[in-house]
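Below is one structure, written out as structure tokens; the observations come after it.
The values are calculated or read from the model by the stated rules, or taken from the named source; none is laboratory data. Here the structure is a predicted model, which means the values were calculated and not measured. Please note: Cβ atoms are built from the backbone with ideal geometry, for glycine as well, and neighbour counts cover all protein chains shown.
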Amino acid sequence: MKPLASLSLDLDNEWAYMKTHGDPAWDAFPSYLDVVVPRFLRILDGLDQRITVFIVGQDAALAKNATALRSIATAGHEIGNHSFHHEPWLQHYTTEQIEDEIASATDAIVEATGARPIGFRGPGFTLSGATLEALAKREYRYDCSTFPTYIGPLARAYYFMTAKLTPEEREQRKALFGSITDGRRPLSQYRFELADGRSLLEIPVTTFPVVKIPIHFSYILYAAMKAPWLAIPYFRSALLACRAFGISPSLLLHPLDFLDGSDVATLAFFPAMQMPKERKLDVLARALRIYRDLFDVVAVGDHAAAIEAAGVTRSVAFTA
Ligand SMILES: [Zn+2]
């Protein structure tokens with residue numbers, strides 16, 4: 001029997017990338033969901049692979065996205081909450097703001113998809129005690145916002161170099177992609193003990209055991225662009241290390257893993273958008289095959305249920 005692992009997709013839309021990047025045209029909510037959703041559904045269907053799709057509340061609230069979003073639930077995938085406004089500075093929200101953020105996203109997602117999310121991933125891997133408490137209060141079963149890597153500050157420096165941001169916008173984004181604290185967080189699943197006495201299961205985004213370098217698909221595709229010979233062996237070694245260390249991995253996909261510059265002109269400047277999609281989809285298919293060869297890959301909610309059933313022993317007090 002293969003060990004368990006999970007797979008998800010953060011459904012960041014065109015406007016969300018533009019917003020984080022400081023492009024003022026974001027507020028017309030340009031969307032590529034009609035292009036990317038049928039594309040990834042077809043690929044997952046071909047593999048008979050069920051995953052969790054984390055949806056942004058703002059997209060769920062717009063009628064133009066209704067068909068695409070509904071089709072994800074109809075195809076049988078788990079639906080998760082990826083916040084309402086997709087602001088990677090959500091850890092600065094007040095308790096009132098975060099409760100409203102979780103509630104409005106939940107309501108819009110239920111309305112659009114007919115499915116009630118039980119899992120949450122913060123935009124840009126942001127997280128706060130208030131967020132976890134708001135989730136536990138609303139009977140969410142798991143959070144998967146932690147990204148235990150030390151390269152967060154590096155990724156942020158690179159991003160600041162390429163983004164068009166005012167000093168205020170930079171201040172707002174100063175925790176984007178995480179801090180050294182995030183690097184120290186565990187790779188294995190545990191329960192976050194919260195200040196209000198509640199607790200919530202945490203399923204971290206898996207990074208390379210010990211060295212904690214990212215291994216999710218956007219990074220594999222980026223590696224495939226820079227050093228084609230390295231990407232797949234690197235991914236395979238990371239998964240073998242997970243098996244050796246008894247880590248049950250949880251990996252994620254992004255819409256840009258399925259798109260190239262010819263699909264979305266506004267995002268063509270992103271490094272990974274310069275690789276033709278045929279090539280991307282080929283690397284992705286190879287990586288997914290390895291993931292599924294080594295693990296029994298399920299949706300994150302099923303992963304959470306299996307961990308609960310096995311009894312999670314480890315508890316960690318939440319610290320920002
Ligand atoms: Zn996101």
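Brief remarks follow.
- Where helices (runs of 4 or more DSSP H) fall wholly inside segment 6-112, the ranges with 1 or more residues that are away from the ligand (no atom under 16 Å from the Cβ), at negative phi and without any contact (Cβ under 8 Å) to a residue 40 or more places away in the chain are 33-47, 66-74.
- In segment 124-144, the residue that is surrounded by the most Cβ atoms within 10 Å (Cβ to Cβ) out of those that are modelled with pLDDT of 95 or more and within 16 Å of the ligand (Cβ to nearest atom) is 144.
- Checked against the criterion of being in a helix (DSSP H, G or I) and either more than 16 Å from the ligand (Cβ to nearest atom) or surrounded by 15 or more Cβ atoms within 10 Å (Cβ to Cβ) (or both), segment 183-198 contains one or more residues that satisfy it.
- Single match in 285, 241, 304, 309 (criterion: buried (at least 18 other Cβ atoms within 10 Å of the Cβ), of a type in the set (A, V, I, L, M) and assigned to a helix (DSSP H, G or I)): 304
- Meets criteria (under 18 Å from residue 293 (Cβ atoms) and either touching a residue at least 60 places away in the same chain (Cβ under 8 Å) or not hydrophobic (A, V, I, L, M, F, W, C) (or both)) for residue 222: no
- Across segment 75-105, the qualifying residues are those that are of a type in the set (S, T, N, Q) and surrounded by 22 or more Cβ atoms within 10 Å (Cβ to Cβ), and the one among them that is nearest to residue 205 (Cα to Cα) is 81.
- Counting the residues of segment 135-166 that are assigned to a helix (DSSP H, G or I) and of a type in the set (Phe, Trp, Tyr) gives 3.
- Within segment 106-122, being closer than 17 Å to residue 202 by Cα and buried (at least 24 other Cβ atoms within 10 Å of the Cβ) holds for 117, 119, 120, 121, 122.
- Residues that are touching a residue at least 24 places away in the same chain (Cβ under 8 Å), closer than 19 Å to residue 280 by Cβ and more than 16 Å from the ligand (Cβ to nearest atom) within segment 239-269 comprise 263, 266, 269, listed in sequence order.
- Sole residue being out of contact with any helix residue (DSSP H, G or I) (no Cβ under 8 Å at 6 or more places or on another chain) and within 24 Å of residue 144 (Cβ to Cβ), chosen from 272, 244: 244
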